[in-house]
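Have a look at the structure below, then the notes.
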Amino acid sequence: MTITTLKTGKPEGERNQDDAKVRASVEASLARIETQGDAAVRELAAKFDGYTPDSFRLSEDQIHALIAQVAPRDLEDIRFAQAQVRRFAEAQRASMQDIEIETLPGVILGHRNIPVQSVGCYVPGGKFPMVASAHMSVLTAAVAGVPRIIAATPPFKGAPNPAVIAAMHMAGAHEIYVLGGIQAVGAMALGTETIAPVDMLVGPGNAFVAEAKRQLYGRVGIDLFAGPTETMVIADHTVDAELVATDLLGQAEHGYNSPACLITNSRKLAEETLAEIDRLLTLLPTAETASASWQDYGDVILCDSHDEMLQVANEMAYEHVQVMTDRDDWYLEHMHSYGALFLGARTNVANGDKVIGTNHTLPTKKAGRYTGGLWVGKFLKTHSYQRVTTDEAAATIGAYGSRLCMLEGFVGHAEQCNIRVRRFGGQNVPYGKAAE
């Protein structure tokens with residue numbers, strides 16, 4: 001086995017130091033929000049966003065006035081994208097059925113899929129107005145039937161972004177707040193004098209938002225740990241450097257710490273991609289951001305075989321994985337740790353981000369090893385129930401339950417079973433003894 005790294009980013013130790021600084025900042029900010037409520041939120045909003053309106057929540061009149069500023073073509077594009085997301089989410093919801101079965105005569109077991117009752121959706125937008133994130137979180141929660149959906153997004157250039165607000169409203173948000181970062185996530189999770197807390201937080205964000213969600217997990221549910229965007233391209237001789245470089249830089253422009261990685265078994269493609277990235281960075285309007293990400297978080301890994309490429313890709317477990325090879329379906333069959341797959345040269349990560357219909361809130365930092373991305377099922381809780389309808393079933397199950405409880409030493413547990421055996425089965429089970 002020969003795996004060669006032709007380019008790598010900053011050392012893991014330096015990345016860990018960056019993470020530690022973020023953790024400390026988030027912890028202090030959340031503590032202030034919890035103790036000081038609206039006052040802390042307002043102070044943080046002034047510090048980080050320079051935006052302190054009379055109310056961070058938009059009124060219906062404000063919402064409709066902002067929507068009126070969106071060009072008709074842009075509104076139609078938003079409707080088209082939301083139709084694709086809704087169609088896929090509805091199909092996913094339909095696949096999740098309530099069940100009820102009779103496992104023994106008189107023993108009824110079942111489960112119901114119940115929506116989370118309140119959800120806070122964070123929609124990033126301080127640097128780039130993330131219109132699509134409204135579809136992915138708000139709309140998906142609406143399809144799941146969540147009765148209270150609130151959405152927060154930072155101001156864009158000092159004011160609410162009309163397109164983002166339009167997308168939130170059209171997706172089904174019940175409350176819309178112009179708040180960003182830690183203050184938005186903290187206010188939605190912890191609650192303030194003017195914002196009732198939610199049961200769950202969802203949506204992507206920068207490193208501070210991701211860390212805030214991590215620290216709040218347990219107080220509220222979260223969708224997943226979605227940190228800075230990661231993109232991986234798995235490619236062989238079947239594609240060219242321009243396509244590969246474009247797909248890498250297209251996601252590296254998200255932020256200064258967005259990892260991008262090429263895994264290939266073609267040295268020619270690897271070397272030509274490195275040169276093509278240098279060329280494109282002279283043309284790309286967002287080159288300042290993309291070049292910083294590529295310098296510090298970019299990797300090019302050369303492997304001998306597709307088996308090695310698969311192994312490395314599964315170990316790295318990146319968020320977006322673009323596969324462009326002579327065996328794309330083989331990767332679909334064998335990849336097990338990733339956020340989302342984009343198969344073939346005809347599709348790309350931007351399609352998934354904006355319009356094709358799958359969700360773009362995906363696991364990062366190797367979380368793809370144990371969770372998938374945001375989907376309608378994340379907003380549903382599967383709750384079981386049981387019902388015993390005959391005396392015979394109550395006595396039969398009760399006798400088994402009694403003996404198994406005594407096996408573990410739980411006498412009080414056993415008595416819950418025994419009293420049913422006595423009442424419904426007519427057996428005289430002595431108190432504190434196992435049923436026969």
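Quick notes on this structure:
- Value of relative contact order over the stretch 290-355, rounded to a whole percent, pairs C-alpha under 8 Å and six or more apart: 29 percent
- Kirkwood's formula applied to the C-alpha pairs of the stretch 88-204 gives a hydrodynamic radius of 15.4 angstrom.
- Listed values for the stretch 370-376 are Karplus-derived 3J(HN,Hα) couplings in whole Hz (6.51 cos²θ - 1.76 cosθ + 1.60, θ = phi - 60°), namely 10, 8, x, x, 5, 7, 4, and x replaces Gly and Pro.
- Estimated at 0.36 nm per residue, the fully extended path between GLU436 and SER59 surpasses their Cα-Cα distance by 129.0 nm.
- Size check on the stretch 228-303: the Cα extents along the three principal axes, sorted descending, read 29, 23, 15 Å.
- Using alpha carbons only, the radius of gyration of the stretch 43-150 set against its Kirkwood radius gives Rg/Rh = 1.14.
- The stretch 12-95 shape via C-alpha gyration tensor axes, a/c threshold 1.5: oblate
- Max mean-square fluctuation residue, GNM over the chain, Cα-Cα springs under 10 Å, options MET136, MET406, MET168: MET406
- Gain in span if fully extended, ASP329 to ILE114, counting 0.36 nm per residue against the direct Cα distance: 73.9 nm
- With a simple spin-label model that places each label point 7 Å from the Cα along the Cα-to-Cβ direction, the separation between ASP278 and LYS127 comes to 2.5 nm.
- Computed over the stretch 158-268, the alpha-carbon pair-distance distribution with 10 angstrom bins reads 12, 31, 29, 17, 10, 2, 0, each value a whole percent.
- Charged side chains reduced to their Cβ positions (Lys and Arg at +1, Asp and Glu at -1) give the chain a dipole of some 1380 debye around its Cα centre.
- Point-to-point label distance, MET96-GLU43, nm (Cα→Cβ direction, 7 Å offset): 4.0 nm
- Anchor LYS10: lysines whose Cα lies under 22 Å away (excluding residues fewer than 8 positions away in-chain): LYS21, LYS365, LYS366
- Summing +1 for each Lys or Arg and -1 for each Asp or Glu among the other residues whose beta-carbon sits under 13 angstrom from that of GLY344 gives -3.
- Between GLN84 and ALA196, the C-beta separation translates, for a Förster distance of 30 Å, into a calculated FRET efficiency of about 0.40.
- Its relative contact order, with pairs defined as Cα atoms under 8 Å and 6+ residues apart, puts the chain at 18 percent.
- Between helix 287-297 and the chain there is an angle of about 60 degrees, using the helix long axis and the longest principal axis of the Cα atoms.
- Per residue Cα convex hull volume in Å³ - calculated over the chain: 196 Å³
- Order by protection proxy (mean Cβ within 10 Å, highest first), peptides 104-116, 65-77: 104-116, 65-77
- Note on the stretch 365-436: Cα convex hull, mean projected area over all directions, 8.0 nm².
- Relative contact order for the stretch 127-171: 58 percent, from Cα pairs under 8 Å spaced at least 6 residues apart, divided by residue count.
- Estimated purely from DSSP H runs of n ≥ 4, each contributing -39500 (n - 2.57), the mean residue ellipticity at 222 nm for the chain is -14000 deg cm²/dmol once divided by its residues.
- With respect to the chain, whose longest principal axis is taken over its alpha-carbon atoms, helix 72-94 is tilted by about 30°.
- Legend: P(r) of the stretch 246-349 from all alpha carbon pair distances, 5 Å bins from 0, whole percents, reading 2, 12, 23, 25, 21, 11, 5, 1.
- Label-to-label distance, nm, for residues given as LYS268 and THR4 (7 Å Cα→Cβ offset): 1.5 nm
- Nearest 10 degrees, 0 to 90: helix 38-48 Cα axis against the chain principal axis: 20 degrees
Where a number appears in this text, it was derived from the coordinates with a stated rule and is not lab data. It should be emphasised that the depicted structure is a prediction, and the values quoted were computed from it without experimental measurement. Backbone-built Cβ (ideal geometry, glycine too); neighbour counts: all protein chains shown.
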